[in-house]
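Colleague: The structure under discussion is supplied below as structure tokens; questions concerning it will follow.
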Amino acid sequence: MIDGFSQRTPQQALAALLERHPPQRLLLVGTRFPALEAFVQAHPQVDIAQAEPGLLPKELAAQRFDLALLVDCLEHLPKRDGLQLLGGIRNLNASRVAVLADMNACGWQETDFFALAMQVNEKFQRDDQVLSLFTYDLREYKQVPDWLNAKFWANPQNFGKYWW
């Protein structure tokens, strides 16, 4: 959990996220932002699909994306609809998800994001507004346990040979 506020701006954090894991296919739910525009200019081959806050249109709901960004989205939805949208995107549409949300405006708690296996990366404060950046990455969700290997099997010579 993050205790203090980031020295970066939300735009800088989103730009760093896009550069760290540059997507070929990106789903944006909400509004476009300057860091995304700069990323698109530097990477014109990126395919961006954009949707308004709410249920995804059928043509987008049936697709898979490298990264899904929700920016200025949850603040415009009832909590139940936001949970369904975020959970659906995480489960079906993208293995990496990032959400930039104003916790006071959307009425969510950090535990709501934790329940969706998301982690808080950074918090930003400007005057009275506090924004939080939450991320989910399927590849980092759970580490392989150290007991899952041949050493701990009853018959280690059979590890990986038979499927029952």
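The values are calculated or read from the model by the stated rules, or taken from the named source; none is laboratory data. Quick caveat: nothing in here was measured; it's all calculated off a predicted structure. Every residue, glycine among them, receives a Cβ derived from its backbone with ideal geometry; neighbour counts consider all protein chains shown. With ligands, DNA and RNA removed, areas are computed over all heavy atoms of the protein, side chains included. Shrake-Rupley method; radii C 1.70, N 1.55, O 1.52, S 1.80 Å.
Colleague: Once the dipole of the chain is set up with Lys and Arg at +1 and Asp and Glu at -1 on Cβ about the Cα centre, which of H43, L18, P145 lies farthest towards its positive end?
Modeller: P145
Colleague: Quick one: Kirkwood hydrodynamic radius for segment 45-164, alpha-carbon pairs, angstrom, one decimal?
Modeller: Details: mean 1/r = 0.0601 Å⁻¹.
Answer for segment 45-164: a Kirkwood hydrodynamic radius of 16.6 Å.
Colleague: How big is the dipole moment of the chain about its Cα centre under a simple scheme where the beta carbon of each Lys and Arg is +1, that of each Asp and Glu is -1, and everything else is neutral? Debye, nearest 20, please. Please report the intermediate quantities before stating the final value.
Modeller: Values: 16 positive and 19 negative charges, 156 e Å.
Result for the chain is approximately 740 debye, rounded to the nearest 20.
Colleague: Is it possible to state the helix-based mean residue ellipticity at 222 nm for the chain, with each DSSP H run of 4+ residues giving -39500 (n - 2.57), the sum divided by total residues, to the nearest 500 deg cm²/dmol? What is it?
Modeller: -7000 deg cm²/dmol
Colleague: Quick check: at a probe of 1.4 Å, how many percent of the accessible area of the chain sits on carbon and sulfur atoms?
Modeller: Values: 5260 of 10020 Å².
C and S atoms contribute 53 percent here.
Colleague: Sequence neighbours fewer than 8 away in the same chain don't count; with that in mind, list the aspartates and glutamates whose C-alpha is under 12 Å from K123.
Modeller: Those aspartates and glutamates meeting the cut-off are D3, D102, E110.
Colleague: Accessible area per residue for segment 1-107 in Å², computed with a 1.4 Å probe and the full protein assembly in place, what is it? If you can, show how the numbers build up before the last one.
Modeller: Values: 5500 Å² over 107 residues.
Computed with neighbouring chains in place, this is 51 Å² per residue.
Colleague: Considering only protein heavy atoms, what is the solvent-accessible area of E75 at a probe of 1.4 Å, reported in Å² to the nearest 10?
Modeller: Around 40 Å² of this residue is reachable by solvent.
Colleague: Let me check something: with ligands and nucleic acids excluded, how do T111, T31 order by accessible area (1.4 Å probe), largest to smallest?
Modeller: Values: T111 90, T31 65 Å².
The ordering from most to least exposed comes out as T111, T31.
Colleague: Here is a follow-up. Averaging sequence separations of C-alpha pairs under 8 Å and six or more residues apart, then dividing by the length of segment 1-126, give the relative contact order as a whole percent. It would help to have the intermediate numbers written out before the result.
Modeller: On the way: 164 pairs, mean separation 38.3, N = 126.
In percent, rounded to a whole number, it is 30.
Colleague: In whole Å, how far is the Cα centre of segment 29-56 from that of segment 112-151?
Modeller: 22 Å
Colleague: Separate question: Cβ neighbours within 10 Å, averaged per peptide: list 58-64, 77-83 in order, most packed at the top.
Modeller: On the way: 58-64: 11.3, 77-83: 15.0.
Sorting 58-64, 77-83 by mean packing, highest first, produces 77-83, 58-64.
Colleague: Ok, one more. Could you sort E52, E37 by accessible area so the largest value comes first, with the probe set to 1.4 Å?
Modeller: Details: E52 135, E37 75 Å².
The ranking, largest first, comes out as E52, E37.
Colleague: Now for a separate question. For segment 78-164, with only Lys/Arg (+1) and Asp/Glu (-1) charged at the beta-carbon, what is the dipole magnitude about the Cα centre, in debye rounded to 20? Mind dumping the intermediate values first?
Modeller: Numbers: 10 positive and 10 negative charges, 111 e Å.
Value, rounded to 20: 540 debye.
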